[in-house]
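**Q** Before anything else, here's the structure in question.
Derivation of every value follows stated rules applied to the coordinates shown; laboratory data play no part. Just so we're clear, the structure is a prediction, and the values are computed from it rather than from any experiment. Virtual Cβ from ideal backbone geometry, glycine too; neighbours counted across all protein chains shown.
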Amino acid sequence: MAIRDRLSGNEAIAFAMKQINPDVLPAFPITPSTEIPQYFSQYVADGSVDTEFVTVESEHSAMSACIGSQAAGARTFTATSSCGLALMFEMLYVAASSRLPITMACVNRALTGPININADHSDSMGARDSGWIQIYSENNQEAYDNFIQAVKIGESQEVMLPVMVCQDGFITSHAVENIELLEDEKVKSFVGEYEPQDYLLNADRAIAVGPYDTVNFYMEHKRQQAEAMTSAKKVILEVAKDYEKVTGRSYGFFETYEMEDADVALILINSTAGTAKDAIDKLRSEGKKVGLIKIRVFRPFPFDELREVLQTVKAVAVMDRCEGFSAAGGPLFAEVRSAMYDSANRPYMVNYIYGLGGRDVRTQDIETVYEALYDIVEASNAGEVYRYLGVRE
């Protein structure tokens, strides 16, 4: 029988970690992810887990320790945010190229500078091409569910890639919500034991991890990583199906909301989906056919699946909580627009940069985006494609 509780997003992640009971957890504190290792350290202190908890002097060292322990054959977790993720940058590539299924909680926070500790997606989006699977969470329940699934996804022999599970700093990480937890034994049974085929402590099969890769081998190894990321799509859906059998909660590459007959739609990531759903409910009551696609899996990106859903939509606003500095829009916009390039039925598409540095996004703001989309449909012209929402011009 499921356990009902009230937890913050950080508590939910730490509790999932406790239930899985990893072999090693190296971590360094950084706002707003600090609570995750803080909560977990209490589980270590009171004997709830037998994890080796490694305190290090920096996030670079935290990921280095993750790489060492996972390469040795130990299931390894960590957590970070913002500049902590940026400091790990070199080692993110090492972890992915070494095919080490580390699971990391990324509590999204704006990158400095200017100095800011609030939510946007510039940290994880900055690492989007590092070879990590990226899964995003609208609320605390999804953060908990996604983390448990992420372990099984990354450790699949068809994948063997690290996974970061993202949620919005302070918005979900520190906000307390009702949540439904699984019993410990069900989590352990679902995730299973980590049984690597190749690891440094296996005396019967000598391997090298992270060696110098000459011109004769580097490209083939990158191709193998790319194939693993492609394989992850199938595994993500298989794991989600298994998880639904246990919990009744359904997950995919993205969630659609009121998209069956939508004329115009928003595409976005993480907690703003809840605000958008409230705006949609209001506009639907007024007879307007508006919808939402909330991206859950950003890496690998669901190009084909997204294209299929958008075939009948007339206009789309892709909302980025991250400035890509491409002078043409944000990273989510670039991916969605690319997905629609080969479609015969391309909707008008615009990009909104919003919520940077934690700026509030209200239902009224979302309503103005839908109004702009209807104006685009009426004019048969997208107009200015690269836009900002809620900024003082």
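**Q** Show me the strands (runs of 3 or more DSSP E) entirely contained within region 259-359 in which 1 or more residues are farther than 27 Å from ALA232 by Cα.
**A** Correct list: 264-269, 290-295, 315-320, 348-353.
**Q** Also, I was wondering about something else. Consider VAL377 against the criteria (1) assigned to a helix (DSSP H, G or I); (2) surrounded by 14 or more Cβ atoms within 10 Å (Cβ to Cβ); (3) in contact (Cβ under 8 Å) with a residue 12 or more places away in the chain; (4) under 26 Å from the mean Cα position of the chain (by Cα): it satisfies all of them except one. Which criterion is unmet?
**A** Among (1) assigned to a helix (DSSP H, G or I); (2) surrounded by 14 or more Cβ atoms within 10 Å (Cβ to Cβ); (3) in contact (Cβ under 8 Å) with a residue 12 or more places away in the chain; (4) under 26 Å from the mean Cα position of the chain (by Cα), VAL377 violates only (4).
**Q** I've got another one for you. Return the pair list, or none, for Cβ contacts closer than 6 Å from residues in region 220-241 that are in contact (Cβ under 8 Å) with a residue 24 or more places away in the chain to residues that are of a type in the set (Gly, Ala, Ser) and surrounded by 13 or more Cβ atoms within 10 Å (Cβ to Cβ), at least 6 apart or on different chains.
**A** Within 6 Å, the pairs are GLN225/GLY131; VAL235/SER156.
**Q** On the basis of being touching a strand residue (DSSP E or B) at 6+ places or on another chain (Cβ under 8 Å) and farther than 30 Å from SER82 by Cα, does ARG284 make the cut?
**A** Considered against the rule, which asks whether it is touching a strand residue (DSSP E or B) at 6+ places or on another chain (Cβ under 8 Å) and farther than 30 Å from SER82 by Cα, ARG284 comes out as yes.
**Q** Now for a separate question. With the structure loaded, tell me whether TYR194 is of a type outside the set (A, V, I, L, M, F, W, C), touching a residue at least 24 places away in the same chain (Cβ under 8 Å) and touching a strand residue (DSSP E or B) at 6+ places or on another chain (Cβ under 6 Å) or whether it fails that test.
**A** no
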